[in-house]
Amino acid sequence: MKQIENYIGGELMPPLSDDYLDNFNPATGEVYSLIPDSDERDVESAVEAAKTAFPAWSATSPEERFTILMRLVALIERDLESLALAESIDQGKPVSLARVMDIPRAASNFRFYATAAMHTANESHDSVGHSAINYTLRQPLGVVGCISPWNLPLYLFTWKIAPAIAAGCTVVAKPSEVTPVTAYLLSKLCIEAGLPAGVLNIVHGTGPKVGSAMVAHPEVKAISFTGGTKTGEEIAQIAAPMFKKLSLELGGKNPNIIFADCNYEEMLATTIRSSFSNQGEICLCGSRIFVERPMYEQFKGDFVSRAASLKVGDPLEADTNVGAIVSKPHFDKIMSYIEIAKEEGGTILTGGKQAHLTGRCADGWFIQPTVIEGLPFDCRTNQEEVFGPFVTIMPFDTEDEVLSYANSVRYGLSATVWTENLSRAHRVAAKLESGIVWINCWLLRDLRTPFGGFKDSGIGREGGFETLRFFTEEKNVCVKM
Ligand code: NDP
């Protein structure tokens, strides 16, 4: 059976414990590879390697970093097909999606930060009247930790690593134990690209063992984390008293607000995507759909019929729309929320059950796209993150009413607004408590823009120069003339 290895000090190696965890293929329910069950000793080696590599790496010119990172881009693009296949098998997502979204975006992340590093500039302040000039140095922090989740494995892993390396930091990184394979393949590409030993170190294993050892390590100066809000809380409890820099991208319960004057066909097609892409396992998926009452019945009929016609199938088949749920525990969590929705009085309009496939996927974890109505905005189903192919629909009458529903949750990651009324679009966008507002679109991402959440969806912003700044410390130098 394929055995994944850690990547420490430029070499692939087994965990010091020599213990391994099972890695499942969610479409078949079978164990198909083994993951290092690393512990704090592996983290210690990785931090040591990163620390050793830091002086030389932080002294490389932006052009040198650009050249190496662009080699990685070329290798990811060369291996697009095999990486997409690996991501699909490991995560359960349709291979067709991994091919056009996950893997191209991993390449884009490296390309974006390879070039960004060459365009940074620091401020200077002329202290007129004092015959002095101040300038700002932005120096790489040192060893930093990057921890990523299972929903967009290589996409989110590289979104953290690329800016950290481009900024001149050295990295200890942990992918989710649930989806480790493409991070492992990336470590092989780093060796092929000639990334100097120790610049990136990847330690596989569980959050409580590897993740928390990274967070608690005194030499790790910053933690960039994407994952659940509860895990974010645990990380903050350890890191905050150590005064580490923290970037936390956490959960969401995103509203879709649909006004009756919208471009109906475009809204409908996009709302299907924003509800069920990647099995609804994208932090930016809209899971609470509010529809202005005059259009509610029409929307309900069309949306339910399109959701019901999505093909839940083998992720490796070209026409599959909805693949497997990433793990058995997550499958059970989503199914438990279907029960909660029923207990709360919700009506299941379509789905609501496990999807039973045949052949090699007979024992896989599949759930039918599920649409529920009849629930109040403040019930558990409409307040808690489910993170699956599971949405609720609700009518509304006024702008103020829908804003109060939308903003009623503890989260504030993203929102979508559908209307042809320009003034209303801007007015509603300004009042939404949400880090991103998409008007008449969804998941249109420009990597230069700030990305992150309000409220319990996190702290800090990723994207653009913001992330390069996160991985550096500012120093003001004041020179008296
Ligand atoms: P988790 O919070 O369970 O895990 C995220 C990562 O943290 C994993 O690598 C996990 O390891 C690790 N981890 C777990 N416990 C600890 C700990 N105590 N200390 C340090 N690291 C730890 O999230 P999921 O993987 O379940 O991902 C789904 C969540 O991610 C959803 O809530 C979703 O909304 C959120 N998310 C947010 C995004 C955003 O940009 N805001 C984007 C994508 C997802 P292991 O897997 O081994 O447990």
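Which ones in the stretch 217-230 are farther than 15 Å from I161 by Cα and either touching a Pro at 6+ places or on another chain (Cβ under 9 Å) or surrounded by fewer than 17 Cβ atoms within 10 Å (Cβ to Cβ) (or both)?
Taking the stretch 217-230 as the starting set, the residues that turn out to be farther than 15 Å from I161 by Cα are 217-219, 227-230.
Within the stretch 217-230, P218, E219, G227, G228, K230 meet the criteria.
So that you can scan it fast, the table gives a plain yes or no per residue for (1) surrounded by 24 or more Cβ atoms within 10 Å (Cβ to Cβ); (2) modelled with pLDDT of 95 or more:
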{"residue": "A114", "(1), (2)": "no, yes"}
{"residue": "A121", "(1), (2)": "no, no"}
{"residue": "V144", "(1), (2)": "yes, yes"}
{"residue": "I147", "(1), (2)": "yes, yes"}
{"residue": "P180", "(1), (2)": "yes, yes"}
{"residue": "N201", "(1), (2)": "yes, yes"}
{"residue": "G205", "(1), (2)": "yes, yes"}
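Taking the stretch 208-227 as the range and being near the ligand (Cβ under 7 Å from one of its atoms) and either over 22 Å from T170 (Cα atoms) or assigned to a strand (DSSP E or B) (or both) as the test, the residues that pass are P208, F225, T226.
From the list N440, N476, the lone residue that is more than 15 Å from the ligand (Cβ to nearest atom), buried (at least 16 other Cβ atoms within 10 Å of the Cβ) and farther than 28 Å from S148 by Cα is N440.
Checking K174, K160, K230 one by one, the residue that is within 20 Å of F471 (Cα to Cα), within 16 Å of the ligand (Cβ to nearest atom), among the charged types (D, E, K, R) and out of contact with any helix residue (DSSP H, G or I) (no Cβ under 6 Å at 6 or more places or on another chain) is K160 and no other.
A count restricted to the stretch 247-266 and to residues that are of a type in the set (A, V, I, L, M) and surrounded by fewer than 23 Cβ atoms within 10 Å (Cβ to Cβ) stands at 1. Selection of first residues in the stretch 208-221 that are within 12 Å of E40 (Cβ to Cβ) and basic (K, R) and of second residues that are surrounded by fewer than 19 Cβ atoms within 10 Å (Cβ to Cβ) and at pLDDT 95 or above, restricted to Cβ pairs under 6 Å at least 6 apart or on distinct chains, gives the following pairs, ordered by first then second residue: K209/D39. L137 meets all of the listed conditions (1) crowded, with 17+ Cβ neighbours inside 10 Å; (2) over 24 Å from the mean Cα position of the chain (by Cα) but one, namely (1). Do we have L284 as aliphatic (A, V, I, L, M), within 16 Å of the ligand (Cβ to nearest atom) and either modelled with pLDDT of 95 or more or closer than 20 Å to K333 by Cβ (or both) here? Against the criterion (aliphatic (A, V, I, L, M), within 16 Å of the ligand (Cβ to nearest atom) and either modelled with pLDDT of 95 or more or closer than 20 Å to K333 by Cβ (or both)), L284 qualifies. K244: surrounded by fewer than 22 Cβ atoms within 10 Å (Cβ to Cβ), within 16 Å of the ligand (Cβ to nearest atom), closer than 18 Å to G458 by Cα and at pLDDT 95 or above, yes or no? In short, yes.
Can you name every one of the strands (runs of 3 or more DSSP E) wholly within the stretch 86-198 that holds 1 or more residues which are under 21 Å from V210 (Cβ atoms)?
On the way: elements: 124-127, 132-140, 143-147, 170-174.
Fully inside the stretch 86-198 and qualifying: 143-147, 170-174.
Out of all the residues in the stretch 125-142, which are more than 14 Å from L468 (Cα to Cα) and touching a residue at least 24 places away in the same chain (Cβ under 8 Å)? If you could, list the steps in order and put the result at the bottom.
Looking only at the stretch 125-142, we keep the residues that are more than 14 Å from L468 (Cα to Cα), and these are 125-136.
Across the stretch 125-142, the qualifying residues are S127, H130, S131, A132, I133, N134, Y135, T136.
For the stretch 248-281, a residue qualifies if it is touching an Asp or Glu at 6+ places or on another chain (Cβ under 7 Å) and either within 10 Å of the ligand (Cβ to nearest atom) or among the hydrophobic types (A, V, I, L, M, F, W, C) (or both), and the qualifying residues are E249, L250, G251, G252, K253, I258, F259, A260, C262, L268. Taken over the stretch 444-453, the criterion of being crowded, with 17+ Cβ neighbours inside 10 Å and more than 10 Å from the ligand (Cβ to nearest atom) is satisfied by L447 alone.
A quick yes/no check of all residues on (1) under 30 Å from I367 (Cβ atoms); (2) of a type in the set (V, I, T); (3) at pLDDT 95 or above; (4) crowded, with 21+ Cβ neighbours inside 10 Å:
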| residue | (1), (2), (3), (4) |
| --- | --- |
| I8 | no, yes, yes, yes |
| P14 | no, no, yes, no |
| P26 | yes, no, yes, yes |
| P62 | no, no, yes, no |
| L72 | no, no, yes, yes |
| E77 | no, no, yes, no |
| L80 | yes, no, yes, no |
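Within the stretch 228-286, work out how many residues are in a helix (DSSP H, G or I) and of a type outside the set (K, R). Walk me through how you get there before you give the answer.
Filtering the stretch 228-286 for residues in a helix (DSSP H, G or I) gives 229-242, 264-280.
Those left that are additionally of a type outside the set (K, R): 229, 231-242, 264-272, 274-280.
Of the residues in the stretch 228-286, 29 are in a helix (DSSP H, G or I) and of a type outside the set (K, R).
Considering only residues of the stretch 383-407 that are within 16 Å of the ligand (Cβ to nearest atom) and surrounded by 20 or more Cβ atoms within 10 Å (Cβ to Cβ), which is nearest to the chain's Cα centre (by Cα)? Walk me through it before giving the result.
Taking the stretch 383-407 first, the residues within 16 Å of the ligand (Cβ to nearest atom) are 383-391.
Still in the running and surrounded by 20 or more Cβ atoms within 10 Å (Cβ to Cβ): 385-391.
Numbers: E385: 15, V386: 15, F387: 12, G388: 14, P389: 17, F390: 19, V391: 20 Å.
Here the answer is F387.
Taking the listed residues E317, E297, the one that is under 25 Å from G374 (Cα atoms) and either part of a loop (DSSP other than H, G, I, E, B) or not hydroxyl-bearing (S, T, Y) (or both) is E297, with no other qualifying.
The values are calculated or read from the model by the stated rules, or taken from the named source; none is laboratory data. Quick caveat, the model's predicted, so the values are computed rather than measured. Glycine gets a Cβ as well: all are built from the backbone with ideal geometry, and neighbour counts include every protein chain shown.
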